[in-house]
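The values are calculated or read from the model by the stated rules, or taken from the named source; none is laboratory data. Just so you know, these numbers come straight off a predicted model, no measurement behind them. All Cβ positions, even for glycine, are placed from backbone atoms using ideal geometry, and neighbour counts span all protein chains on display. Accessible surface is based on the protein model in full, side chains and every heavy atom, while ligands, DNA and RNA are left aside. Shrake-Rupley method; radii C 1.70, N 1.55, O 1.52, S 1.80 Å.
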Amino acid sequence: MVVTRNLFVLLRRHPSAALLTAQLLGVLLYPWLEDSHGGQVLLTLFGLMVLGLALRVVRRSPAATQWALALAACVVALSVWQALAPRAHLLLAMALLESAFYFYATGALIRYMLQDEVATTDELIAAGATFTVLAWAFAHLYMACQLLAPGSFIAAVRPESARSWFELLFLSFTSLAGVGLSDIVPIRPMARSLVMLEEFAGVMYIAGVVSRLVGLTLSRRAGR
């Protein structure tokens, strides 16, 4: 009971921790829920919850939140519309808007981490949350690319089928981390361009943001 209460207090004090926890939980839930209709509904609701957590984190940063609020509102409206009257063009619009929102959230989180010369606990947690947010942003962008140009991504399993959201998220994580372990391959030129951009973003994020936080943490410990 005490552990649960302490965890709740931690997540309330550090919105970045709540966002990171939710997205890592999503990574575990997607394989179990993606293939059923009821699971798709739950994943949509879960995605809206993650959207709300990301919006809460953005509101704590010095970046203006008007654009984030507008993008989030559009995503929610399109999600409801898609649930009531499914349309292919709605999926494309949702993918582009969600990608734009998560890219905006990434920028807001980076600005939050760079706003001072002190690496706080919340900023260190935000470093992990920013990584997952950026991975989500590119995964939505990959989905939009696939909807615009079917066959952009192939895999060893079911190469003729469209890649699922979880498969594209897997590709996004491996590209951003630079590990190159994905069995999903970009085939069309635009898909390859997006993957190269994500690989570059991953390297620059580690070199420019994470290394700075590590340096500030070591400097603070040396000062003590």
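Overview of values
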read-out: Failed criterion for R60 (all others in (1) open to solvent by 90 Å² or more (accessible area, probe 1.4 Å); (2) at pLDDT 75 or above; (3) over 15 Å from the mean Cα position of the chain (by Cα) hold); value: (2)
read-out: Contacts under 7 angstrom Cβ, first residue in region 160-179 being free of Cβ contacts under 8 Å to residues at least 24 places away in the same chain and assigned to a helix (DSSP H, G or I), partner open to solvent by less than 60 Å² (accessible area, probe 1.4 Å) and polar (S, T, N, Q), 6 or more apart; value: F170/S182; T174/S182
read-out: Region 98-127 residues that are more than 22 Å from L24 (Cα to Cα), paired with ones that are outside any helix (DSSP H, G or I) and open to solvent by 10 Å² or more (accessible area, probe 1.4 Å) (beta carbon under 8 Å, 6 or more apart); value: R111/S61; R111/P62; R111/A63; Q115/S61; Q115/P62
read-out: Which numbered condition M143 fails, given (1) open to solvent by 20 Å² or more (accessible area, probe 1.4 Å); (2) touching a residue at least 60 places away in the same chain (Cβ under 8 Å); (3) under 21 Å from L55 (Cβ atoms); (4) of a type outside the set (D, E, K, R); value: (2)
read-out: Flag for L181 being open to solvent by less than 60 Å² (accessible area, probe 1.4 Å) and under 16 Å from V27 (Cβ atoms); value: no
read-out: Any hit, region 67-82, residues being closer than 23 Å to A201 by Cα, of a type outside the set (A, V, I, L, M, F, W, C) and at pLDDT 80 or above; value: no
read-out: Residue that is in a helix (DSSP H, G or I) and under 19 Å from L147 (Cα atoms), where the choices are A83, A68; value: A83
read-out: Selected residue (only one of A207, A162, A149 is touching a Lys or Arg at 6+ places or on another chain (Cβ under 6 Å) and surrounded by fewer than 17 Cβ atoms within 10 Å (Cβ to Cβ)); value: A149
